[in-house]
Amino acid sequence: MAKQTVLLTGASGYVASQLLAEFQDRYDLRMVDVQTKDRDGNEVPGIQVADLINPDRSTYASLFDGVDAVVHLGYKRSGGFHGDEAIDRFDVEFENVQMANNIYRTSYDAGVGRVVMASSNHAADWYEHAMVHNKQKEMVSPTEVPVSDNFYGWAKASYELLGFPYACGIFGRKLGVVQIRIGAPRDVPGSRYETDDLSSLSEQHTGGSGLSNFKRDLGAHLSPRDLRQLIIKSIETPNIERADGVPWQVVYGISGNTRAFWSLESARAALGYEPEDDSEVKYASDIARMLTSKDAGIGGGRQGG
């Protein structure tokens, strides 16, 4: 059987680095980014440079010719989630929304069958921030209205809704779209959280201590092999249509974590996703030392104090 042709955007980024080895073997892989070096300054062979925010889609349309599926990880960075930077983040995030539309439209015009979009848990992070950590909500479903308290999350929710017109067939054909609300696709060793000084963390999720954030990230963890499985299933699952016939799915991207507070219901049902990892097992020694020992300074439950 011939390999599928897959276009990977943001190919020099961190998430892409967890995919490249397997994807280069499994697919006829095309890679695109605004630079050819990774975050450590190492050259990533095979990347073609293109600015996918450019409204002139003819400058990169040829990259989509003959492509079976697009995996869109490309993203233009902006300021922080908190403080003075947060309210000034809109303009850059709007550019990211424009880039997402360019991906959909160019894919649609080129006859691409499937777009797998890197959304984020932040698309619906209001539920987490305002309810989960306050013990008012146990599980967030991908079917709930996506609401966010920051422009990064707003942009991700916009990607999701933006894909629906392309998927529903109103323009003439149905473009298959899978939105993956990625959790924490990184190692979360306990040593990273042992101090209440959160300055070393990229983001303070819970508004609490380092240990509170450790508990939160145990629930959000996405291992490299589960990430690869989820994206491969998003590309290769033959039929992703919902009950209404629209091939548009929103799924959470986490491992099978004991402390999960986002539901994998749609990932399991629509894609057949079966995560192999659980942060409770992977980080068992850190959990025992930091959360469940008699000397632990915080309760052993899922989030918060």
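The values are calculated or read from the model by the stated rules, or taken from the named source; none is laboratory data. Being a predicted model, the structure only gives us computed values, none of them experimental. Every residue, glycine as well, gets a Cβ built from its backbone with ideal geometry; the counts of neighbours run over all protein chains shown.
Observations on the model:
- Tallying residues that are in a loop (DSSP other than H, G, I, E, B) and in contact with a Pro (Cβ under 7 Å, 6 or more places away or on another chain) within segment 172-199 yields 1.
- Count of segment 250-295 residues which are within 23 Å of Val145 (Cα to Cα) and hydrophobic (A, V, I, L, M, F, W, C): 11
- Of all residues in segment 228-253, those being within 20 Å of Arg26 (Cβ to Cβ) and either at pLDDT below 95 or assigned to a loop (DSSP other than H, G, I, E, B) (or both) number 3.
- Counting the residues of segment 263-300 that are surrounded by 17 or more Cβ atoms within 10 Å (Cβ to Cβ), more than 21 Å from Ser209 (Cα to Cα) and of a type outside the set (Gly, Ala, Ser) gives 7.
- Positions within segment 261-284 being without any contact (Cβ under 8 Å) to a residue 60 or more places away in the chain and either β-branched (Val, Ile, Thr) or assigned to a loop (DSSP other than H, G, I, E, B) (or both), in sequence order: Leu264, Gly272, Tyr273, Glu274, Pro275, Glu276, Asp277, Asp278, Val281
- Those strands (runs of 3 or more DSSP E) of segment 14-133 in which at least 1 residues are touching a residue at least 60 places away in the same chain (Cβ under 8 Å), considering only elements entirely within it, cover 69-72, 114-120.
- Cβ pairs under 8 Å, 6+ apart, first in segment 158-181 and closer than 15 Å to Ala270 by Cβ, second part of a helix (DSSP H, G or I) and polar (S, T, N, Q): Val178/Ser234; Ile180/Ser234; Arg181/Asn121
- Leading residue by the ranking (modelled with the highest pLDDT) among those in segment 48-87 that are more than 23 Å from the chain's Cα centre (by Cα) and within 17 Å of Asp149 (Cβ to Cβ): Asp84
- Inspection of segment 140-154 identifies no residue that is acidic (Asp, Glu) and part of a helix (DSSP H, G or I).
- Residue that is farthest from Asp51 (Cα to Cα), among those in segment 2-33 that are aromatic (Phe, Trp, Tyr) and within 20 Å of the chain's Cα centre (by Cα): Phe23
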